[in-house]
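Structure record follows, encoded as structure tokens.
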Protein chains: 2
Amino acid sequence: MPAELLTIGSELLSGATVNTNAAYLARRLGEVGVACRRQVAVADAPDAVGGALRDALSRAEIVLTTGGLGPTFDDVTMDIIAQVTHRPLALAPMAAAAVRRFYTKRHRRLQQAALRQAYLPSGGTALPNPLGTAPGLWLPLEVGRLLIALPGVPAEMRAIMERSVLPRLRRRNGRTAIESRTLRTIGIVELSIEAILRRLRVPRTIDIGLYPHLRMVDVRLTAAASSAREARRCLEPVERRLRRALGAAVYGAGEDTLEEIVGARLLERHRTIGVAESCTGGLVTDRLTNVPGSSRYVRGAIVAYANEVKWRVLGVPRTLLARHGAVSAPVARAMAQGARRALDADLGVALTGIAGPSGGSADKPVGLVFIGFSDGRRTISQRLQLLGNRTAIKTQAAQAALNVIRLQLIGRGGSRLGRRRSVRQD
Amino acid sequence: MPAELLTIGSELLSGATVNTNAAYLARRLGEVGVACRRQVAVADAPDAVGGALRDALSRAEIVLTTGGLGPTFDDVTMDIIAQVTHRPLALAPMAAAAVRRFYTKRHRRLQQAALRQAYLPSGGTALPNPLGTAPGLWLPLEVGRLLIALPGVPAEMRAIMERSVLPRLRRRNGRTAIESRTLRTIGIVELSIEAILRRLRVPRTIDIGLYPHLRMVDVRLTAAASSAREARRCLEPVERRLRRALGAAVYGAGEDTLEEIVGARLLERHRTIGVAESCTGGLVTDRLTNVPGSSRYVRGAIVAYANEVKWRVLGVPRTLLARHGAVSAPVARAMAQGARRALDADLGVALTGIAGPSGGSADKPVGLVFIGFSDGRRTISQRLQLLGNRTAIKTQAAQAALNVIRLQLIGRGGSRLGRRRSVRQD
């Protein structure tokens with residue numbers, strides 16, 4: 001089913017806001033077999049919205065709009081949809097009740113303008129908005145076409161997508177049920193995943209999508225069949241074989257983040273963690289603590305940017321720093337041990353490296369990073385050579401360190417992945 | 001001058017990549033008086049690109065494309081531009097020489113396919129790409145229209161924009177010169193800035209744009225006149241009055257970041273900084289160390305997530321923790337002093353708060369954050385009540401802490417901004 005996205009909002013056209021809705025919508029629509037062919041952004045101006053909406057409806061089977069559903073005068077989307085589709089606006093009682101409830105719950109007086117949001121084009125269904133007052137719209141049109149309108153606020157848009165739009169699109173597919181699985185991987189490059197997929201001879205009925213981003217690749221499998229059960233039966237053996245082939249490179253599924261998975265493993269095993277960061281400057285711990293409830297397993301971190309902090313706070317022997325330099329495997333290991341000790345944590349992880357743009361040498365180039373890990377019994381280190389600018393190197397180093405914690409916790413620290421990057425034990 | 005953006009790339013349509021280029025381009029084009037009316041994203045498919053390009057050229061005076069300029073078979077942009085504009089491709093000798101130089105410098109053998117990138121539609125000018133092999137294209141068309149094609153890689157696209165496209169667009173304006181200034185502010189809300197602007201009675205010849213994002217607002221002033229000098233003469237008095245009215249809320253101009261400004265102030269005053277973070281989990285130090293060369297003034301940080309780390313490593317008196325709780329002004333102040341001491345830094349800044357979603361109480365709700373600052377002579381604290389989800393609270397708290405450092409360094413710590421948030425001294 002070819003679809004087009006129409007995002008409406010002057011803040012997009014002025015460049016004040018980055019359009020993150022478009023990528024999210026394209027990804028989620030893909031999971032139910034809807035292929036996004038074009039994304040268009042226009043300002044809130046009625047002419048611009050009208051022209052773009054007519055164009056989109058002339059080409060696509062499904063048109064999904066975001067934005068312009070609020071109560072203010074520059075929210076024109078519903079008016080324009082009514083005009084373009086020749087379906088007059090009418091009060092949708094359920095939507096009006098929801099707007100009233102929203103105000104009552106917050107002890108605020110209902111403003112008459114707010115009820116504008118409850119007027120929908122005739123023939124349309126209001127999609128409840130659990131986070132705001134503007135409902136979404138599901139409007140079937142002639143010759144099997146469909147128009148969907150959602151608010152522009154990302155959280156509201158996502159809530160209506162998950163609760164109403166995706167389930168309805170699945171049902172609408174009628175005899176074809178679409179199921180999909182996303183495996184999230186780290187430490188394996190796109191080309192290697194492609195080789196594995198070729199070797200596995202994935203049946204043609206399964207659509208494969210690869211989504212690479214800085215040393216991580218998401219692999220999405222999508223199957224269409226006459227029933228959801230049939231689609232799952234088609235998908236599951238392939239998913240199993242792919243998981244086996246990818247091994248420990250798979251860190252999660254769906255919308256899992258690496259830091260959530262690391263947190264879940266730490267909780268399971270009742271382990272706390274302390275971090276010693278140099279080149280990443282706090283980024284590893286920032287990501288670990290983005291997970292709600294992370295105070296149960298994150299003890300803290302020492303960001304040892306200056307060398308003195310490495311020996312004064314982390315207790316790295318000065319002889320080690322003098323002999324090997326701050327960016328070295330022995331110092332990474334000593335920092336990991338120091339983090340455990342100074343922060344009184346079960347596990348210590350450490351990073352030291354050269355984020356650039358300056359500070360590199362022929363011997364130790366920009367992008368060289370050592371990761372240390374200690375659990376008290378053994379202490380290991382890894383050497384990485386990363387590419388990219390300063391923030392790309394910091395991001396990749398942080399992800400690699402989170403992955404070291406994960407692999408050690410699942411007992412795969414000496415795995416294929418680790419060996420390839422020359423894990424050393426002492 | 002109305003313009004349309006056409007971003008080309010299958011990764012945008014699948015949702016694998018968020019389209020950050022569009023916002024950047026819209027913002028920079030606005031600075032030279034080019035108003036972006038529509039943004040369209042299509043896949044690399046020749047039909048899709050051709051259709052979208054024809055549509056855009058039928059509506060806009062300037063069409064700017066990004067993506068599809070590389071050497072591989074799915075890079076179709078130049079071919080399609082040649083077809084749609086009826087201008088056959090021809091080898092551009094300067095562009096070919098640049099491609100050859102790129103390979104020679106990297107000691108790599110020139111692949112014949114790479115030379116594809118040096119073929120441009122006749123009548124077009126190659127815009128040098130300092131970071132890659134694919135040049136940009138500047139192609140004047142009939143009736144004053146203009147087509148610009150840039151690579152999709154953000155760094156390359158930006159480099160060509162700054163070096164070639166923006167200066168050329170300024171010149172192209174001919175008798176109307178456009179000048180703009182962006183003032184970046186923190187700690188003042190959009191509504192207050194609007195009130196100030198009304199009070200200043202900004203002349204109508206100056207266009208004003210406000211770009212708010214999490215407690216920071218960029219204010220852009222744009223003037224058009226018969227010469228650049230005239231435009232600046234129109235702009236400068238307004239900029240001066242606005243700067244005076246906004247006072248210390250203005251932290252920078254143009255593309256300055258808050259962390260760059262804090263770094264520049266620290267360097268100027270030969271001061272080093274140490275950070276103690278609790279609720280922000282390392283984010284403040286991550287941002288400080290995103291600035292190249294920050295190792296000259298960042299000593300490091302203690303992320304004291306667990307209470308024990310607050311007294312063991314930072315030396316916060318246990319009685320203070322017991323009496324006031326970890327999230328309190330006295331603890332923030334003691335943490336700032338502890339950061340100075342433990343990290344041997346001239347200045348110490350500290351954050352302690354409740355990032356949520358759990359951990360709040362009626363007394364100390366989610367979003368309550370205390371910032372401490374110490375320069376050895378005096379130690380102060382600020383209380384903030386922030387709104388939003390966990391990452392929004394972390395981000396706002398980090399920005400506020402960076403701003404405290406800045407205000408203290410410029411001697412404005414006891415300013416309007418500070419007082420409003422109840423600075424306490426001890």
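The values are calculated or read from the model by the stated rules, or taken from the named source; none is laboratory data. Bear in mind that the values here come from a model prediction, so they are computed numbers and not experimental data. Positions of Cβ are backbone-derived with ideal geometry, glycine not excepted, and every protein chain shown enters the neighbour counts.
If you go through the range A:170-210 and keep only what is closer than 22 Å to B:Ser10 by Cβ and free of Cβ contacts under 8 Å to residues at least 12 places away in the same chain, you end up with A:Leu191, A:Ser192, A:Ala195, A:Arg198, A:Arg204. Right, A:Glu239: more than 25 Å from A:Arg171 (Cα to Cα), in a helix (DSSP H, G or I) and within 23 Å of the chain's Cα centre (by Cα) or not? Judged against the criteria, A:Glu239 is not a match.
Scan the range A:221-229 and give yes if some residue there is under 20 Å from A:Leu407 (Cα atoms) and not in a helix (DSSP H, G or I), otherwise no. No, the range A:221-229 contains no residue that is under 20 Å from A:Leu407 (Cα atoms) and not in a helix (DSSP H, G or I). Give the range A:52-73 a look and list any residue that's of a type outside the set (A, V, I, L, M), part of a helix (DSSP H, G or I) and under 20 Å from A:Gly9 (Cα atoms), or say none. Within the range A:52-73, A:Arg54, A:Asp55 meet the criteria.
Considering the range A:278-311, and only residues there that are closer than 21 Å to B:Asn307 by Cα and among the basic types (Lys, Arg), the residue that is farthest from the other protein chains (Cβ to nearest Cβ) turns out to be A:Arg296. Taken together, the criteria place B:Gly68 among residues that are at pLDDT below 95, over 20 Å from B:Leu210 (Cα atoms) and more than 7 Å from chain A (Cβ to nearest Cβ). Here the range B:1-28 is the region considered, the condition is being assigned to a helix (DSSP H, G or I) and touching a Cys at 6+ places or on another chain (Cβ under 6 Å), and the residue that is nearest to the other protein chains (Cβ to nearest Cβ) is B:Ala26. Cβ-Cβ distances below 9 Å connect the following pairs, each with a first residue in the range A:296-317 that is more than 23 Å from A:Gly359 (Cα to Cα), a second residue that is assigned to a strand (DSSP E or B) and among the charged types (D, E, K, R), and a separation of six or more residues or different chains: A:Gly300/B:Glu277; A:Ala301/A:Glu277; A:Ala301/B:Glu277. Elements of the type helices (runs of 4 or more DSSP H) sitting completely within the range A:270-361 and holding at least 3 residues that are β-branched (Val, Ile, Thr), touching a helix residue (DSSP H, G or I) at 6+ places or on another chain (Cβ under 7 Å) and at pLDDT 95 or above: there are none. Hey, does the range B:326-337 have a residue that's touching a strand residue (DSSP E or B) at 6+ places or on another chain (Cβ under 9 Å), crowded, with 24+ Cβ neighbours inside 10 Å and either within 14 Å of chain A (Cβ to nearest Cβ) or on the phi > 0 side of the Ramachandran plot (or both)? Yes. Answer with yes or no whether A:Ser374 is polar (S, T, N, Q), under 32 Å from the mean Cα position of the chain (by Cα) and within 14 Å of another protein chain (Cβ to nearest Cβ). Judged against the criteria, A:Ser374 is not a match.
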